[in-house]
1. Among DSSP beta bridges whose residues both lie in chain A, state the antiparallel percentage, nearest 5.
2. Under the classification rounded if a/c is under 1.5, otherwise prolate if a/b is larger than b/c and oblate if not, where does segment A:525-679 fall, given a ≥ b ≥ c as square roots of the Cα gyration tensor eigenvalues?
3. I want to check the label-to-label distance for A:Glu351 and A:Ser752. Put each point 7 Å from Cα in the C-beta direction and report it in nm to one decimal.
4. Considering only protein heavy atoms, what is the solvent-accessible area of A:Val387 at a probe of 1.4 Å, reported in Å² to the nearest 10?
5. Take every Cα-Cα pair in chain A and report what % of them are more than 51 Å apart.
6. Starting from the Cα-Cα distance between A:Asn450 and A:Ser43, subtract it from 0.36 nm times their residue separation and give me the gain in nm to one decimal.
7. Placing unit charges on C-beta atoms (Lys and Arg positive, Asp and Glu negative, everything else neutral), compute the dipole magnitude of chain A about its Cα centre in debye, rounded to 20.
8. Give the lysines reachable from A:Lys240 as a straight Cα distance under 18 Å; neighbours fewer than 8 places away on the same chain don't count.
Amino acid sequence: MEYNPLDIEKKWQKRWEEEKAFEPFEDESREKKYILSMFPYPSGRIHMGHVRNYSIGDALARYYRKQGFNVLHPIGWDAFGMPAENAAIKNRLHPKNWTYDNIDYMRKELSSLGLSFSKDREFATCDPLYTKWEQEFIIKMFDSGLLYRENNSVNWCESCHTVLANEQVEDGCCWRCDNPVIQKQMPGYYLDILRYAEELLDDLKLLEGKWPHQVITMQRNWIGRSEGLEFKFELSDESKKLLDNNFDGYEVFTTRPDTIFGVTYSALAPEHKIVEYMLENNLLPEDTVKALEKIRNMSERDRAQADKEGYPLGISVIHPLTGKDIPVWTANFVLASYGGGAVMAVPAHDERDFEFATKYNLPIIRVIEGGETLPYTGDGKLIDSGVFSGKDNNQAKKEIIAFFEAERLGKKQINFKLRNWGVNRQRYWGAPIPLVHCPECGLVAEKIENLPITLPDDVEITGEGNPLENHPTWKYCKCPNCGADAIRETDTLDTFVQSSWYQFRYAVNPKKWEEIGIDKDASKYWLPVDQYIGGIEHAILHLLYARFFTKALRDLGYHNINEPFERLLTQGMVLKDGAKMSKSKGNTVDPDEIIKKYGADTARLFILFAAPPQKELEWNDSAVEGAYRFLKKLASKSEKVKYDYLPEIEHSSLSKEAKEARAKVYEALKRGEDVYTKSFAFNTLIAGVMEALNALDKQDDDKVWSEGIYILLHLLEPIVPHIASEMSDKLFGMKNLKDKIEIKDEVFVKDSITYAVSINGKRRSEIEVMADASKEEILKVAKDRGAKWLDGMEIVKEIVVPNKLVNFVIKPK
RNA sequence: GCGGAUGUGGUGGAAUUGGUAGACACGCCAGAUUUAGGAUCUGGUGCCGUAAGGUGUGGAGGUUCGACUCCUCUCAUCCGCACCA
């Protein structure tokens, strides 16, 4: 067969399209597999990362479909977001047109790869129908208190003109545009993800062994649970007076209550309400005021890099156990947003406190034994700690917490690094937040029957200000509650909200899309996603949000699923010349051009062959040629096939080469199952197929050839579906793609076995013995062969590893 | 600093439970074919050595008859977090 990839691929893609070959069955009695590659942002063109992502997913989907599973393998578009607005500013295109045009183009590109998606279930997250259901969830979340509005210090991207969630700040910069993020005080909408912090952390255990270890670790660290003591520092009488009796103390949190006798000062964040009060009421020296203003204008990141700096506030608190006076400082290293924005400081046993105390000559009191120098943060016995002296510090932790609880001085407390998810964005191209500001009723949810609240089309997008805010009429509405003139919320939702529940939307039968957002029964059948495939860059962001949303929607009664993604595969990046492909570096390879030149099958084969999916993949033009060459060779072997079915073969009568070829073919078949279901090491499967083809080429038995090609095409179909379908159709009437193929163990039985002969563990030679040879016979042959090395030596030990090798341990006589 | 991962030929990468290191492919070399180039085919290809042989999985030790694989230490690279009290 002549290999004409373009003709073949067009032909099969058309056929698949006409036959609607990849729609799941409406038959829930069948065993299901839900295979999902992360959906793309419709940026305009696909890139090699997409090709890799969808090639992996498609191979799995096709494999399971062939094994008789009911497979859901959908595609959609993560279609809201900044780039559409940037394009609007730059090229005067409407975000909606830009987005849908891009989707049309990319859809074509993806189909040219021959991906087996369910077309009926495709949607874009900017479709009003998708927005409608999302707004319903948001209203339910608002009603249940999970969504709330609060004035807070937020991350603000100067370039995107919008706030960002904590997870979306990378290295102090915006995750999308890489510009610096500043802190700004403003009202925002928050999803109370902390309500689920404990569950999100605990359930990571369920994912152990199914998700990459490092993703689990990253999530665990991000959630950042810590246990400790929260207690109140009572202000001294003088200090209370100084603060006009507006405060009687403040809460601090510590994970080291065992060191509490070593407290020599306490420090407040520059944003702490006491500091705030002192600033407003001119209770601080002028230098301090100026310095604090400077610090308060710094971002968290800049502060983290700055040297420790602080100022005494001229007030003091009472140590709850010793009754001593403790001076209170304000310091740049105390975070306002964690643990109440205040700390007790134990310089002897905390590096930060030590550094600060040293700088400002504050006293340092050791209360734990151990370590040669201070600060010492390890374990040890308590000293100078009142009744707790002499105790082991871990025991003392518990006892001191118990003591505080008994005396009602404080309580055991669990804190998280995780912050609530800020979900509003001051942008146009997003899902409107379905809430209304009423002068009478306050913040009110839209009526469900009014959903979706859609975006106005007639907007001017300039990049300045919030386009919805600036729209002449859109925001004016009636209060859904009292009917008074009211104003719509003009912020839109973070795009990560859309991608947090799309896995449930695909499970809804499209016939029901108008009636329901999430289908409880369908979710029960299809969810969780059996295999999720995507980039490691979403280890925290999307994967944490989607887990949270799954739990939140479960509790709102939409479904009964606890975790959305059963197994996760994080693919490595596609590199060129050792660097990530990017336009700015000019090292991109355009998938379209590769497909045009070699066909989709070559692209898919190369990308799965060049590296295991988890690893980075270095693009290599000549290796792509190699993949193409293999397919050409495969096609040319059509002529060797003389039987259009799996012929009966009398194995024992075959030549040595033919036996070898069969063994290789069945070895590949055996490996296939492991690769497709567990290891995903497609590279080794492909190598096995190549080996088998090479072995077939060394013999000329018609039956062995027919059987070999029959099986190899079966194995290759998920990877190179076009050529595999074409050849299978021509040669076998597709029979080889329909059923499982039984492994015939007899082909692995060999009449003779090659043993390596090693001396002192070093391979010296090899021997061939009959398969039924006894240990003694093997040793005899091995000794003859190894005579050269054994001569004049004493054999100390003889080891025979069945089917592998013989080892002689020798020493001079 | 803390946490995680990875180190195997010129390159991408293989090596069930410890059992013939370098499968498969790229590249390279030689040959065949060709007017030539390209394409294709055949053979070779870890390193040193003409060879015998030696040596070899980042490095140093250890366990073992036998270590890419297990243990200890160490170096390098990459990624994530980064004052979370």
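The values are calculated or read from the model by the stated rules, or taken from the named source; none is laboratory data. Please read these numbers as outputs of a predicted model, since none were measured by experiment. Note that each Cβ is placed from the backbone with ideal geometry, even for glycine, and that neighbours are counted across all protein chains shown. Each accessible area value is taken on the protein alone, full model and side chains, heavy atoms only, with ligands, DNA and RNA left out. Shrake-Rupley method; radii C 1.70, N 1.55, O 1.52, S 1.80 Å.
1. If I count the DSSP bridges inside chain A, around 75 percent turn out antiparallel.
2. Note, shape of segment A:525-679 comes out oblate.
3. 6.6 nm
4. 120 Å²
5. Numbers: 116952 of 330078 pairs.
Roughly 35 percent, rounded to a whole number.
6. Working it through step by step, the gained length comes to 143.4 nm.
7. 2020 debye
8. In chain and number order, the partners are A:Lys232, A:Lys273, A:Lys324.
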